[in-house]
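Enquirer: Mind having a look at this structure? Questions to follow.
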Amino acid sequence: MPEYQIDVGNSTTGPVGFVAYVTADNPEKALEKLRQHCPEAHEIELEEIELIAYFNPKAVTLGDVMEEL
């Protein structure tokens with residue numbers, strides 16, 4: 001089964017970006033899987049830092065799905 005790269009944002013040119021690698025039959029199914037399993041938020045706690053990243057999976061579109069890997 002193919003794997004698709006879903007690339008959103010760009011931490012090189014902006015403050016946030018992420019990439020997801022999703023195994024699926026086609027790009028539409030890859031996007032559906034990401035939306036289904038992506039957390040709404042992820043919290044990272046270090047000694048003196050608490051970081052909460054928020055995600056809006058509905059805002060990720062087929063335009064963010066890269067070629068089949």
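Enquirer: Could you state the per residue volume, in Å³, of the convex hull enclosing the Cα atoms of the chain?
Expert: On the way: hull volume 7.3 nm³, N = 69.
Expressed per residue, the convex hull around the Cα atoms of the chain is 105 Å³.
Enquirer: Based solely on its DSSP helices, what 222 nm [θ] is calculated for the chain when runs of n ≥ 4 H residues each add -39,500 (n - 2.57) and the sum is averaged over all residues, nearest 500 deg cm²/dmol? Let's see the in-between values first.
Expert: Numbers: 1 runs with 11 residues, N = 69.
-5000 deg cm²/dmol, from helical runs alone.
Enquirer: Related question: Where Lys and Arg each count +1 and Asp and Glu each count -1, what net charge lies around Ala53 among other residues with Cβ under 15 Å from its Cβ? Working shown, then result.
Expert: Details: positive: none; negative: Glu40, Glu43, Glu45, Glu50.
Combined, the nearby Lys, Arg, Asp and Glu give -4.
Enquirer: Suppose each label sits 7 Å from its Cα in the direction of the beta carbon; what would the Thr23-Leu69 distance come out to in nanometres?
Expert: Spacing of the two 7 Å Cα→Cβ label points: 1.2 nm.
Enquirer: Further question: Between Asn10 and Glu47, what FRET efficiency follows from the Cβ-Cβ distance if R0 is 35 Å, with the result rounded to 0.05? List each step's numbers first, then the result.
Expert: Numbers: r = 29 Å, r/R0 = 0.82.
Once the sixth-power term is evaluated, E becomes 0.75.
Enquirer: Using Cα pairs under 8 angstrom and six or more residues apart, how large is the relative contact order of the chain, in percent?
Expert: Relative contact order here is 37 percent.
Enquirer: Once both axes come from the Cα atoms, what is the angle between helix 27-37 and the longest principal axis of the chain, in degrees from 0 to 90, rounded to 10?
Expert: 30 degrees
Coordinate-derived values only; no laboratory data. Just so it is clear, the model here is predicted, and its values are computed rather than measured. Note that each Cβ is placed from the backbone with ideal geometry, even for glycine, and that neighbours are counted across all protein chains shown.
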